[in-house]
Structure formats: C-alpha cells, structure tokens
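Trainee: Can you read through this structure? Questions will come right after.
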Amino acid sequence: MNDAPHRDRPIYPPTRVGLFPQWAIFWLLTLATSTGAMEPPTPPYQLATEIPYRTAPDLPDQARERCRLDVYWPTQSPGFATVVWFHGGGLTEGSKSIPAGLKDKGMAVVAAGYRLAPQAKAPVFIQDAAAAVAWTFRHIASYGGSPHRIYVSGHSAGGYLTAMVGLDKQWLAAEGVDADQIAGLIPLSPQAITHFTIRSERGIGPTQPFLDELAPLYHVRKEAPPLLLITGDRELELYGRYEENAYFWRMMKIAGHPNTELRELTGFNHGSMAEPALPLLLEFIAKQTPAPPAK
C-alpha cells in the first residue's frame, strides 16, 4: 500500500502573521470600516419614553406629568402598524405601559398616559386620549410607521377612551384628525354606557345605568372604523359589562356598521381578561386591509 500523502491539491506552508503584507492589512481594515462590520448592529426594536404630547406653556401640573407617551417600534419593518394603548384604572389611577403581549410582533405600540379623576373632570381624559392619538398620526411616519395603519386599544377605562375617541368624532376633530382615519378600534372590556367615574361625579351610583353623550353607545354610527369588542366571562365581569358590550355590538349592527365583532373570553374576569385578549387583537389587525395612501 502506498503510504504517501494525498496530493490532489498543492501543500502550502503555514501562513506567518509577521510576513503578511502591510498593504493587505490596511485594505482589510478599510473594508471592515466601510461595510460597518465594526459598528454594533441596530436592535430590532427601540423604545423612546416620556415624550410629551401636550406642549402648551400654560399646562397644569397634572397635564405636564401625565400627558406623556412611550413609543416602542420595529427598526427593520418600514410601513408597520401601530397600536395606541390606553391603560385601565377606572379613570382614577394607573400609568402607561406597553403590554408584553404586544412586543416583538412587528408593529409599534404607543402607550399613552392621561389625566385622572378626581383632579381632572370629564371630558378632560377623553380630550387627552384624542391628543395622544393625534400625536401618533402626526409623528409615526418619522419612526417608519404608516399613518394609514394606526389602531387604538386599551383595557377597561382605556377601552372606554378607545371607544369614545373612535366613535364621537368631535374629540379628534378638535385635534385636526378625522376619527374615520383610524384603522381599527379594539376596546377591551370597556364601559359602553357612561363611565361609572363620570356618573359618580354626577352623584349616580355604580349600579345605576345611565347613558348620555359621554357614552360610546350614544355614538353608534355606520361609518366608524372597524370595531372589535372583547370582554371577560359574562358571569365574572363587572356590573354587566358583557351585556353592555353585547348591546353595543347589536346597535352598531342595526346602525349599519359592516365590521363589528364581539368576543367573550370564558373563564376570565375583568382584571384577568386583558392578556388573553391580545392574540385576538393581533388577529383582528392582521385581517384588516391597510387603507391606500391619499393622493
């Protein structure tokens, strides 16, 4: 047997670093710098916090503190959808936050704070919500998002604000935005009648039904944005919240609205329904066709 080494290819001596030509080292360093190989990669998502969406010089203290938002957005998906998210807390407590279930989903989240009762009285919190949505319409393109793919959502009190700014067009009109430009509304367990905190301001108890111009139900209309209503289990929800939304759904249908859905999350109460509702929110957004750009 021939024990000679296999020589289909020529054998080269090991490369010695000391003998590497200086011009080649310079060329490799130049190439690495020019291609960005030495720069850290851009993270797939970025977060900007504490952005004021009201900037008038004479703002009251609570407005300067609460009228701020955080923007979480994808850096490598231009034209992405955005969810403006309002926290819950009965219009009396709570703070802005980005739900974990909406992160890393290829879209932006704008988490907005707003002024709270009892220091703020109705309709101040609705006006703040409208201002936050309008800020998103004016600025999301600078982050790479599409102003034609802006959705509004929130849980409990945040769901109430979602429904009010999307159905009663006066609030966004005051900010120079047509509410019908919203790509979709996804209120989670909202009050459909007048919110109980507003009723309390008027001396009306939490179990006394009341409906006026500050109730989303008052503003059912055919031309509203697509609407997905989600509640917890009807036997576990607050004060007939499922039944409020079922009536809301029915009246939107009667008004001729073509795209209203109602989902009930069996086994979940008012507080626990938000997290399992988020996959339904994402599914709803995926089904919507983005509006073509205005010409």
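The values are calculated or read from the model by the stated rules, or taken from the named source; none is laboratory data. Worth saying up front: this structure is predicted, and the values here are computed from it rather than measured. For neighbour counting, all protein chains shown are included, and Cβ atoms are generated from backbone atoms with ideal geometry for every residue, glycine included.
Trainee: Kindly provide the set of residues from the range 47-88 that are closer than 25 Å to Tyr160 by Cα, in contact with a Gly (Cβ under 8 Å, 6 or more places away or on another chain) and of a type in the set (Gly, Ala, Ser), ordered by number.
Mentor: Matches in the range 47-88: Ala81, Gly88.
Trainee: Here's something else I'd like to know. Go through (1) surrounded by fewer than 18 Cβ atoms within 10 Å (Cβ to Cβ); (2) acidic (Asp, Glu); (3) under 15 Å from the mean Cα position of the chain (by Cα); (4) assigned to a strand (DSSP E or B) one by one and return the number of the condition Glu50 breaks.
Mentor: Status for Glu50: all satisfied but (3).
Trainee: Could you check, for the range 192-206, whether at least one of its residues is touching a Pro at 6+ places or on another chain (Cβ under 8 Å) and of a type in the set (Phe, Trp, Tyr)?
Mentor: Yes, because at least one residue in the range 192-206 is touching a Pro at 6+ places or on another chain (Cβ under 8 Å) and of a type in the set (Phe, Trp, Tyr).
Trainee: Could you tell me which of the residues Thr289, Thr194, Thr207, Thr260 is hydroxyl-bearing (Ser, Thr, Tyr), in contact with a Lys or Arg (Cβ under 8 Å, 6 or more places away or on another chain) and either at pLDDT below 95 or under 17 Å from Ala163 (Cα atoms) (or both)?
Mentor: Thr260
Trainee: Between residues in the range 145-156 that are under 15 Å from Val177 (Cβ atoms) and residues that are outside any strand (DSSP E or B) and of a type in the set (Lys, Arg), which pairs lie under 9 Å by C-beta distance while being six or more apart or on different chains?
Mentor: Close Cβ pairs satisfying both conditions: Pro147/Arg138.
Trainee: Are there any helices (runs of 4 or more DSSP H) wholly within the range 118-228 with 3 or more residues that are farther than 27 Å from Gly79 by Cβ and under 22 Å from the mean Cα position of the chain (by Cα), and if so which?
Mentor: Output list reads 124-139, 157-167.
Trainee: Can you pull out every residue in the range 103-117 that is closer than 18 Å to Ala286 by Cβ and outside any loop (DSSP other than H, G, I, E, B)?
Mentor: Within the range 103-117, Ala108, Val109 qualify.
Trainee: Just for the range 83-102: of the residues that are in contact with a strand residue (DSSP E or B) (Cβ under 7 Å, 6 or more places away or on another chain) and not in a loop (DSSP other than H, G, I, E, B), which one is nearest to Ala129 (Cα to Cα)?
Mentor: Filtering the range 83-102 for residues that are in contact with a strand residue (DSSP E or B) (Cβ under 7 Å, 6 or more places away or on another chain) and not in a loop (DSSP other than H, G, I, E, B), the one nearest to Ala129 (Cα to Cα) comes out as Phe86.
Trainee: So, in the range 229-248, how many residues would count as being in contact (Cβ under 8 Å) with a residue 12 or more places away in the chain, out of contact with any helix residue (DSSP H, G or I) (no Cβ under 6 Å at 6 or more places or on another chain) and in a loop (DSSP other than H, G, I, E, B)?
Mentor: Residues flagged as in contact (Cβ under 8 Å) with a residue 12 or more places away in the chain, out of contact with any helix residue (DSSP H, G or I) (no Cβ under 6 Å at 6 or more places or on another chain) and in a loop (DSSP other than H, G, I, E, B) within the range 229-248 amount to 5.
Trainee: If Asp104 passes every condition in (1) surrounded by 15 or more Cβ atoms within 10 Å (Cβ to Cβ); (2) touching a residue at least 40 places away in the same chain (Cβ under 8 Å) but one, which one does it miss?
Mentor: Unmet condition: (1).
Trainee: Looking at Asp168, is it under 30 Å from Arg138 (Cα atoms) and in contact with an Asp or Glu (Cβ under 7 Å, 6 or more places away or on another chain)?
Mentor: Answer is no for this residue.
Trainee: Among the residues of the range 190-211, are any in contact (Cβ under 8 Å) with a residue 40 or more places away in the chain and within 24 Å of Gln288 (Cα to Cα)?
Mentor: Yes - at least one qualifying residue is present in the range 190-211.
Trainee: Please determine, by comparing only the residues of the range 41-58 that are among the hydrophobic types (A, V, I, L, M, F, W, C) and closer than 20 Å to Ala130 by Cβ, which one is modelled with the highest pLDDT.
Mentor: In this case the residue turns out to be Ile51.
Trainee: Something else now. So, in the range 252-277, how many residues would count as being in a helix (DSSP H, G or I) and either surrounded by fewer than 12 Cβ atoms within 10 Å (Cβ to Cβ) or in contact with a Leu (Cβ under 6 Å, 6 or more places away or on another chain) (or both)?
Mentor: 4
Trainee: For Lys121, all conditions in the list (1) closer than 22 Å to Ala141 by Cβ; (2) surrounded by 12 or more Cβ atoms within 10 Å (Cβ to Cβ); (3) touching a residue at least 60 places away in the same chain (Cβ under 8 Å) hold save one; what is the number of the exception?
Mentor: Here Lys121 clears every test but (1).
Trainee: Follow-up question, since we're still on this one. Filter the range 136-157 down to the residues that are touching a Pro at 6+ places or on another chain (Cβ under 9 Å), farther than 17 Å from Leu278 by Cβ and among the polar types (S, T, N, Q) and list them by number.
Mentor: Once the filter is applied, which keeps residues that are touching a Pro at 6+ places or on another chain (Cβ under 9 Å), farther than 17 Å from Leu278 by Cβ and among the polar types (S, T, N, Q), the range 136-157 yields Thr136, Ser146.
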